[in-house]
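Worksheet: the structure to be examined is printed underneath.
The values are calculated or read from the model by the stated rules, or taken from the named source; none is laboratory data. Not measured: the values here are computed from a predicted model. Cβ placement follows ideal geometry from the backbone for every residue including glycine, while neighbour counts extend to all protein chains displayed.
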Amino acid sequence: MKFKLGVLVGSLGLLFSALPLAAHHSFAAEYDYNKPMKITGTVTKIEWMNPHARFYVDVKDENGNVKNWNFELGAIPVLLKAGWRKDSLKVGDTVTVEGYMAKDGSKNMANASKVTLPDGKRIFGFSSADSSQ
Amino acid sequence: MKSLDLVPGVVCLLACAFFPANAQAPAQAKGKAVRATPPPPPPGPAGSVPRTPEGKPDLSGIWNGQRALPGQPDPEMLPWARALLEKRATTNYSDDLEARCLPGGPPRAAPYHYQVVQTPKLVTILYEGNIHSYRQFFLDSEHPKNLKPTWYGDSRAHWEGDTLVVDTIGLNDKSWIDMPGHPHTAQMHVIERYHRRDLGNLEIQNIIEDPGAYTKPWVINRVSTLEQGIEMSEYVCNENNLDPGHLDFSETSKVHMKPNGVDPPAARRPPPPPAGATPQTAQGRVDFSGLWVLQGSPNLPSDPSYQPAFQKLYAERKSQPKSDPERYCLPDGIARVNSLPYKFVQTPALIAVLPEGNTRAFRRIFLDGRDHSKQLELGDTWSGDSTGTWDGDTLVVDIVGVNDRSWLDATGKPHSDALHVTERYLRPNLGHLEVQYTLADPKAFTKPYSFRRTFTLAPASWEIQEYICMDELMGPFPSHQSQAPKQ
């Protein structure tokens, strides 16, 4: 488990205050609610950075071809408040990501609204998808 | 533990965020984006209102971002303003300058933490994010005449009973009043009424008067709750901001960052400082409060003794002076200063250091006896974590937790994330501030490096001027000019 249980339990209350507060840009300006997506793959890189954290996941299709996806998370202060830390995701983790595709047509680029960790825990991405901000 | 997405309240809150019963969002059309204002938070912790020694409510603390209360009426708008509001919805709010990491400006409420630092004559608001900057409310004084329009305007405050009333004018017309994009003109006059209802709940009534855009005053009631669970972090929105290239329909997407960055504003040279004795706080400590200006060059007086890899990095940076992060509106980090003034606001619990220059990224020196653990849990930052202890009349500040991206000065002197800075602050008299720095960085230096700086007190007529670096780096913004009809 990548999250300390205490942190997660402790942040449940915080979730209520932090949940809808996410991004510095409009969700709808960059991502498309009409294009939900869900993939499972292996984390290849985490960018714990401003203005939004990002992570990258290698996904194998039915033909065995691997594509690298780029996911946007929320702003670091919001992720921190929700219990995320710099090392919450690690390279090599198998994760399932649900989110919305980029609006500008970028393939394999999306906004992560939910991330399921290897142990089955689901955490919110706290990205702009959570609020339509 | 259950999956978080099965917690009904969370699901409800998500839904509420998408479909709020909040009149401030523009009318929802099928297939059209609706930018909702978030639902009000659950109440903050119970308890009585803390009070200052003068008997006023003490608003100090870290507060969660202001949220509008539900069910408030729509404002009555002039046609041009209504049309612009609707246009912003149809273009998915792409022209929101907040996505360009420019300030919201009052009365817009960022969703991030903010901290109130209160003294009898000055109340300062420190914003965690967007932008990581500050506002000042000057008590019992009058607006200067001939104000130049700025993002934050000029704020004067007074107490009406237990309510702090803040009057702001001198605002530019670039900011949005809220996330749905209500516009305003430079005629806007904002009155904020801050009332700490109890320990954990701060009520803020915003009264917006703008005859250029609204037919009558518009009242927005908001609330913030006290944050007790987590320290405030540092949100540097403009670092790596790739979003402008992906924002669709946007006029402002056509605006690009100036490729070589921007030059910092020219230094203001103060007259010789006043003579007088070192001021003391009510607690008998040296009071470092004041507006301070560096004497001499902001660059380090010599080169630290570098490890080979960092010597190489230094040589590379010296050949590329335009890659200085300060030119791209990133914070100076720790140990670096520039020639613009710095204001120190001291309370028993902390000193807030408010720079005029660059990104206005404040730093806090904690005097409450804490160690570094609370801040370091959140990761490293440009400004690190500063804790202060007293050695007689000297304030000794210990700083760790910095990232390795800042330069130690404009020549590109590098450091690593192992940098540990000790600052020794001395105010030998009214007009001088002397700081002795020791930089230890075992990854980057072969031995610790020490130097000294002197600052002088600016005259009482000086105040921090608003310099928003991102405005210069990204502007001008075509869609944000001449929106209101010409008079």
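Key figures for this structure:
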item	result
Those residues of the stretch B:62-96 which are surrounded by 22 or more Cβ atoms within 10 Å (Cβ to Cβ) and more than 10 Å from chain A (Cβ to nearest Cβ), in sequence order	B:W63, B:Q66, B:A68, B:P75, B:A81
The listed residue being of a type in the set (V, I, T), within 30 Å of A:G74 (Cα to Cα) and surrounded by fewer than 21 Cβ atoms within 10 Å (Cβ to Cβ), out of B:V165, B:V116	B:V116
Matching residues in the stretch B:371-409 - criterion: being over 20 Å from B:V236 (Cα atoms) and of a type in the set (G, A, S)	B:S373, B:G388, B:G392
The stretch B:407-420 residues that are farther than 9 Å from B:R336 by Cα and in the same structural domain as B:S302 (by TED's automatic domain parsing), paired with ones that are surrounded by fewer than 21 Cβ atoms within 10 Å (Cβ to Cβ) and of a type in the set (A, V, I, L, M) (beta carbon under 7 Å, 6 or more apart)	B:K413/B:L300; B:P414/B:L313; B:H420/B:V400; B:H420/B:A440
Residue selected from the stretch B:290-333 under the condition free of Cβ contacts under 8 Å to residues at least 60 places away in the same chain and assigned to a loop (DSSP other than H, G, I, E, B), by the criterion nearest to the chain's Cα centre (by Cα)	B:S297
In the stretch A:99-110, the residues that are within 12 Å of chain B (Cβ to nearest Cβ) and either farther than 12 Å from A:I39 by Cα or among the aromatic types (F, W, Y) (or both)	A:A102, A:K103, A:D104, A:G105, A:S106
Pair list, Cβ < 7 Å and 6+ apart or interchain, from the stretch B:427-453 residues that are at positive phi and assigned by TED's automatic domain parsing to the domain that holds B:Y306 to residues that are among the polar types (S, T, N, Q) and surrounded by 14 or more Cβ atoms within 10 Å (Cβ to Cβ)	none
Residue in the stretch B:351-371 that is farther than 24 Å from B:I125 by Cβ and under 23 Å from the mean Cα position of the chain (by Cα) present	no
Lone qualifier among B:T168, B:T185, B:T119, B:T150 - being away from every other protein chain (no Cβ under 14 Å), within 18 Å of B:N221 (Cα to Cα) and hydroxyl-bearing (S, T, Y)	B:T168
Of the criteria (1) modelled with pLDDT under 90; (2) more than 14 Å from B:V166 (Cβ to Cβ), which one B:P75 fails	(1)
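Let's see how each residue does on (1) within 29 Å of B:I62 (Cα to Cα); (2) under 13 Å from the mean Cα position of the chain (by Cα); (3) within 12 Å of chain B (Cβ to nearest Cβ); (4) of a type outside the set (F, W, Y):
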| position | (1), (2), (3), (4) |
| --- | --- |
| A:E47 | yes, yes, yes, yes |
| A:K60 | no, no, no, yes |
| A:G64 | no, no, no, yes |
| A:W69 | no, yes, no, no |
| A:P77 | yes, no, yes, yes |
| A:D93 | no, no, no, yes |
